[in-house]
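Notes follow the structure.
The values are calculated or read from the model by the stated rules, or taken from the named source; none is laboratory data. Note that the structure is a prediction, hence the values are computed from the model and not measured. Glycine gets a Cβ as well: all are built from the backbone with ideal geometry, and neighbour counts include every protein chain shown.
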Amino acid sequence: MKNSKSTTNFGHQDTQPWYKNYMVMVFVIGLPLFVVVACIWFVFYSVQIKDTVVRDDWYMDGKTLYQDVSRDKLAHDLGLSGDMLFKKDGQVIFSLNYPEDSLEAGKLHNGMPVEYPEQLSLSISHATDIKKDRDATLTHNGGNQYMAQVELDPLESKYYVEVSNEGEVNWRLKETAQLPQAEIHLQPLQLFDKK
């Protein structure tokens, strides 16, 4: 019998070690490493810019979110309105207006006597930047006038202005305005008007 030597040649043998191959460095090590670093950065970034809490009368019942508009409805039923004047020195003057028939009768529409609370709460919330939100207490200054000192950002922006009474008659008036401006008028919500 013949002795045959078979030599197997499987093609080109790579003489470089595996860690010097660019395909390994890019696809096996590089891309997964990039994804891990990007995920860590996004987690860090999302913790730094977390969403702010909603500033309104919202509540949850089970898994459903509702808005409580009872304070807005009370302001509508009482016929309240107001005018707010912003002065250049940061002084805010608010005039609380009762309806004429309530002033003549000396009673509100719900039967309570017409009286001006000693203080009202003022909340001026920026539409997007919580650092520009301002809260103040409006102090009764005689008649229907209330005053507070509020320093607003000089750059004109969209704000949500809210004046509320936290006392026995718990109402609020809201308005959306571009501030700073000289004056805004606060009306009760029109959605309670009978059609």
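Give region 142-195 a look and list any residue that's among the β-branched types (Val, Ile, Thr) and over 21 Å from the mean Cα position of the chain (by Cα), or say none. So that I can check it myself, show each step before the final result.
Looking only at region 142-195, we keep the residues that are among the β-branched types (Val, Ile, Thr), and these are 150, 161, 163, 169, 176, 184.
The one that is among the β-branched types (Val, Ile, Thr) and over 21 Å from the mean Cα position of the chain (by Cα): VAL169.
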*Any idea which of (1) under 24 Å from LEU189 (Cα atoms); (2) touching a Leu at 6+ places or on another chain (Cβ under 9 Å); (3) part of a loop (DSSP other than H, G, I, E, B) is the one GLY111 doesn't satisfy?*
(2)
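Going by the structure shown, is LEU189 out of contact with any helix residue (DSSP H, G or I) (no Cβ under 9 Å at 6 or more places or on another chain), modelled with pLDDT under 90 and surrounded by 13 or more Cβ atoms within 10 Å (Cβ to Cβ)?
Numbers: out of contact with any helix residue (DSSP H, G or I) (no Cβ under 9 Å at 6 or more places or on another chain): no; modelled with pLDDT under 90: yes; surrounded by 13 or more Cβ atoms within 10 Å (Cβ to Cβ): yes.
No.
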*Among all residue pairs at least 6 apart or on different chains, which show Cβ distances below 7 Å where the first residue, located in region 116-134, is part of a loop (DSSP other than H, G, I, E, B) and the second is of a type in the set (Gly, Ala, Ser)?*
PRO117/GLY167; ALA127/SER157; ASP133/SER125
*Does HIS109 count as at pLDDT 90 or above and more than 21 Å from the chain's Cα centre (by Cα)?*
no
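Can you confirm whether GLU168 is modelled with pLDDT under 95, exposed (fewer than 13 other Cβ atoms within 10 Å of the Cβ), out of contact with any strand residue (DSSP E or B) (no Cβ under 9 Å at 6 or more places or on another chain) and not hydrophobic (A, V, I, L, M, F, W, C)?
Working: modelled with pLDDT under 95: yes; exposed (fewer than 13 other Cβ atoms within 10 Å of the Cβ): yes; out of contact with any strand residue (DSSP E or B) (no Cβ under 9 Å at 6 or more places or on another chain): yes; not hydrophobic (A, V, I, L, M, F, W, C): yes.
Yes.
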*Among the numbered criteria (1) surrounded by fewer than 15 Cβ atoms within 10 Å (Cβ to Cβ); (2) farther than 18 Å from ILE93 by Cα, which single criterion is violated by SER157?*
(1)
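Can you find, within region 61-95, the residue that is modelled with the lowest pLDDT among those that are part of a loop (DSSP other than H, G, I, E, B) and of a type in the set (Lys, Arg)? It would help to see each step written out before you state the result.
Going through region 61-95, the residues part of a loop (DSSP other than H, G, I, E, B) turn out to be 62-63, 68-69, 79-80, 87-90.
Still in the running and of a type in the set (Lys, Arg): 63, 87-88.
Working: LYS63: 70, LYS87: 92, LYS88: 89.
Only one residue tops the list, namely LYS63.
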_Top-ranked residue of region 120-138 - restricted to ones that are surrounded by 15 or more Cβ atoms within 10 Å (Cβ to Cβ) and among the polar types (S, T, N, Q), ranked as nearest to TYR159 (Cα to Cα)_ = SER125
*Return a yes/no flag: does region 79-100 have any residue that is loosely packed, with under 12 Cβ neighbours inside 10 Å, without any contact (Cβ under 8 Å) to a residue 40 or more places away in the chain and more than 20 Å from LEU152 (Cα to Cα).*
yes
